[in-house]
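Comments concern the structure below.
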Ligand code: 6PG
Ligand code: NI
């Protein structure tokens, strides 16, 4: 393989020559939001775009790195801010590096023993996610996008099952216009 490059647009998060674009709407990730919603409200939110990402994907081979930008739109679902689904890596020994380039929010991380850590993110802040820590990014600014770059082993993979079923220990909700962590009522361990 030859070296190659792409350009990241720091104002809109788009990447040149990407291999994969993903758009996640509310209907693709309903179960990941844990605040209670009636069926009618859920139905109305189905087409809302929560985030999109642009990936430079190398073959799934030990030693290769893939990376992507993710743009999380501003908003909330019953008070719970827009966020990524959140996952553990299937290949759990894979670490990851996050670099925030626009907006503000939080990265939340949780390990298999149930230890939970949150870290505020602002442009320029780089966060090292060690192996075996589940991770999610949350946009806590209701007026602006949150954009970040993530770099990970190409064979890391995603395991969403635990987060989809139980979620992280804490949820980030908007209370009187300010972000506040509360216990996730759906989480028991
Ligand atoms: C990864 C990264 C990152 C992440 C996206 C969307 O391991 O690939 O953590 O690319 O997948 O930001 O987040 P979710 O996959 O958790 O929805
Ligand atoms: Ni990851």
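For the reader, a short list of remarks on this structure follows.
- From 47, 52, residue being more than 25 Å from residue 182 (Cα to Cα), touching a helix residue (DSSP H, G or I) at 6+ places or on another chain (Cβ under 8 Å) and either part of a loop (DSSP other than H, G, I, E, B) or within 13 Å of ligand 1 (Cβ to nearest atom) (or both): 47
- Residue 54 being within 16 Å of ligand 2 (Cβ to nearest atom) and either at pLDDT below 95 or within 18 Å of residue 171 (Cβ to Cβ) (or both): no
- Residue count for region 55-72, restricted to those that are surrounded by 15 or more Cβ atoms within 10 Å (Cβ to Cβ) and in a loop (DSSP other than H, G, I, E, B): 1.
- Unmet criterion (only one of (1) near ligand 1 (Cβ under 10 Å from one of its atoms); (2) under 14 Å from residue 84 (Cβ atoms)) for residue 138: (1)
- Answer residue from region 15-44, given it is within 18 Å of the chain's Cα centre (by Cα) and in a loop (DSSP other than H, G, I, E, B) and is nearest to ligand 2 (Cβ to nearest atom) among those: 29
- Residues (part of a loop (DSSP other than H, G, I, E, B) and in contact with a helix residue (DSSP H, G or I) (Cβ under 7 Å, 6 or more places away or on another chain)) located in region 73-85: 85
- Among residues of region 173-189, those that are assigned to a loop (DSSP other than H, G, I, E, B) and crowded, with 17+ Cβ neighbours inside 10 Å, counted: 2
- Unmet requirement for residue 88, which otherwise passes all of (1) within 15 Å of ligand 2 (Cβ to nearest atom); (2) touching a helix residue (DSSP H, G or I) at 6+ places or on another chain (Cβ under 8 Å); (3) over 29 Å from residue 1 (Cβ atoms): (3)
- Candidate set from region 150-172 (those that are surrounded by fewer than 19 Cβ atoms within 10 Å (Cβ to Cβ) and assigned to a strand (DSSP E or B)); member that is farthest from ligand 2 (Cβ to nearest atom): 170
- So residue 72, is it in contact (Cβ under 8 Å) with a residue 40 or more places away in the chain and either touching a strand residue (DSSP E or B) at 6+ places or on another chain (Cβ under 9 Å) or within 14 Å of ligand 2 (Cβ to nearest atom) (or both): yes
- Boolean, residue 63 is more than 15 Å from ligand 2 (Cβ to nearest atom), within 17 Å of residue 136 (Cβ to Cβ) and in contact with a strand residue (DSSP E or B) (Cβ under 9 Å, 6 or more places away or on another chain): no
- When residue 39 is tested against the conditions (1) farther than 14 Å from residue 149 by Cα; (2) at pLDDT 95 or above, the lone failure is (2).
- For region 96-131, the set of residues classified as surrounded by 13 or more Cβ atoms within 10 Å (Cβ to Cβ), away from ligand 1 (no atom under 13 Å from the Cβ) and not in a strand (DSSP E or B) consists of 103, 104, 123, 125, listed by residue number.
The values are calculated or read from the model by the stated rules, or taken from the named source; none is laboratory data. Quick caveat: nothing in here was measured; it's all calculated off a predicted structure. Backbone-built Cβ (ideal geometry, glycine too); neighbour counts: all protein chains shown.
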